[in-house]
Amino acid sequence: MSSPTGPAPGLPVRMPRPRQPGRHRRPEPAAAPVGAPPLVLAVPGLPDTETRSLAEEILSIARSELPGLDARIGYVDADGTAEGYPSLEAVLAYAAAQRAARASEAREAGAEDGAAGAWDQWPPAIVVPLLAGPDNSLLRRVRQSVMSSGSAAELTDALGPHPLLAEALHVRLSEAGLARADRARLFTVATAADGIILATVGGEEAVQAAGISGMLLSARLAVPVLAAALDIEGDIARAADQLRGSGSRNLALAPGLIGPEIAEGLADAAAKEADCAAAAPLGAYPAIGKLVLAKYAEVLGISLQPQGVPAH
């Protein structure tokens, strides 16, 4: 089993910016505390090179925001036999054994209580699911992997709803020519949609959560947005009919999804069902990496405020 604590060979690494000299240098970013547990990104879907690149880019963003972060990838649906695609269960078991060994070494070395206690104050790992919203089926599989690993790792909630997801959705729509890129400058696009279907997975609970991001997106674009589930039969078509019934004529489908959590082609099929264009999934948009890190920091109880900047 591989136990990646960094990117796979050949993949780009987002490195922290070098510190600028002088009195007007930028504040230094916060750093991971000594003894902090690894952040384990739980990646759904069948592992492949595209999924690995996506996950590595997201963790690269997180590392750039918190220097010293130990970030790893665990695949929810991997069997642990393929090199470079470790299962979530195996990654957590390894992290727990590694942490226990380091705590033991610290005690045997006669380290001060504070130094030795750094390995005991937090869980052996913090698992952040790579999910934009609550999907009980996927979260249940993640939870089962945590339990099967024998680790006391802590599992966070999904990344959304969150205002940063509305920002990411807006950007993806503008990249596809389906929304204004900048409302403040009133930049218009000839093909801009006048109604948005925000697609998610996870049933009614996920639709309700996506609805919050949908309201934020609607405020940004000044067009109606309806959330609908790809895994509820007819839900996308229902949302399309409702939008057209209220006067929208040029619809667009915005996947409120990161990507790996759905089968390839599912969003495109839904767009065809609704007879509309579709934006790309959220993917490795920078806000995703920041949200992953925020979930991790919340469990640790640490601030991500850059050093030298007063908290407000």
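Spelling out what I want: for every residue of region 60-73, take phi, set θ = phi - 60°, compute 6.51 cos²θ - 1.76 cosθ + 1.60 (Karplus), and round to whole Hz; glycine and proline get x.
Listing the rounded values in order: 5, 4, 4, 5, 5, 7, 9, x, x, 5, 8, 10, 9, 10 Hz.
Once amide H atoms are placed 1.01 Å from N in the peptide plane, what residues at a sequence separation of 5 or more from ALA278, or on another chain, have their amide H within under 5 Å of its amide H?
Those qualifying (amide H under 5 Å, at least 5 residues apart or on another chain) are LEU253.
How many nm is it between the label spots at ASP275 and ASP79, if each spot is 7 Å from the Cα in line with the beta carbon?
4.5 nm
What order, most packed first, do the peptides 127-139, 67-79 have when packing is the mean number of other Cβ atoms within 10 Å of each residue?
Going by the mean number of other Cβ atoms within 10 Å, highest first, we get 127-139, 67-79.
Taking 35 Å as R0, compute the FRET efficiency from the Cβ-Cβ separation of ALA263 and LEU304 and round it to 0.05. Show your work: numbers first, answer last.
Details: r = 34 Å, r/R0 = 0.98.
After rounding to 0.05, the efficiency reads 0.55.
Rank by packing, highest mean first: peptides 90-98, 242-250, with packing defined as the count of other Cβ atoms within 10 Å averaged across residues.
Working: 90-98: 21.9, 242-250: 13.9.
Going from most to least packed, we get 90-98, 242-250.
Report, by chain and number, residues whose modeled amide H sits under 5 Å from the one on GLY133, excluding near sequence neighbours (fewer than 5 apart, same chain).
For GLY133, whose amide H was placed from the backbone, the distant partners under 5 Å are LEU159, GLY160.
What list of ³J(HN,Hα) couplings, whole Hz, do you get for region 278-287 from phi and the Karplus terms 6.51, -1.76, 1.60, once you set θ to phi - 60° and write x for glycine and proline?
Using θ = phi - 60°, the values come out as 9, 8, 6, x, 5, x, 9, 4, x, 4 Hz.
Given a 1.4 angstrom probe, what's the average accessible area per residue across region 196-299, in square angstrom?
Per residue, region 196-299 has an accessible area of 41 Å².
To the nearest 20 debye, what charge dipole does region 30-104 have about its Cα centre, counting +1 at the Cβ of each Lys and Arg and -1 at the Cβ of each Asp and Glu?
On the way: 5 positive and 10 negative charges, 94 e Å.
It works out to roughly 440 debye.
Each residue of region 214-226 in order: what ³J(HN,Hα) in whole Hz does its phi give by Karplus 6.51 cos²θ - 1.76 cosθ + 1.60, θ = phi - 60°, with x for Gly and Pro?
Per-residue couplings from phi come out as x, 5, 5, 5, 4, 5, 6, 9, 6, 9, x, 10, 10 Hz.
On full extension of the chain, what length is gained from ILE232 through ALA97, given 0.36 nm per residue of separation minus the C-alpha to C-alpha distance? Write down the numbers at each step before the final one.
Details: separation 135, 0.36 × 135 = 48.60 nm, distance 4.12 nm.
Roughly 44.5 nm would be gained on extension.
Could you size up the charge dipole of region 209-312 around its Cα centre, putting +1 on the beta carbon of Lys and Arg and -1 on that of Asp and Glu, and report it in debye to the nearest 20? Let's see the in-between values first.
Numbers: 7 positive and 10 negative charges, 100 e Å.
Computed about the Cα centre, the dipole is about 480 debye.
Amide H to amide H, which residues 5 or more places from VAL223 or on other chains are under 5 Å from it, using H placed in the peptide plane?
none
Considering the options LEU216, LEU251, ILE197, tell which one lies farthest towards the positive end of the dipole of region 193-312, charges being +1 on Lys and Arg and -1 on Asp and Glu at the Cβ, about the Cα centre.
Checking the options against the dipole of region 193-312, the answer is LEU216.
The values are calculated or read from the model by the stated rules, or taken from the named source; none is laboratory data. Computed from a predicted structure; not experimentally measured. FYI the Cβ positions are ideal-geometry reconstructions off the backbone, even for glycines, and counts take in every protein chain you see. Protein only, heavy atoms only, side chains kept; ligands, DNA and RNA dropped before computing areas. Shrake-Rupley method; radii C 1.70, N 1.55, O 1.52, S 1.80 Å.
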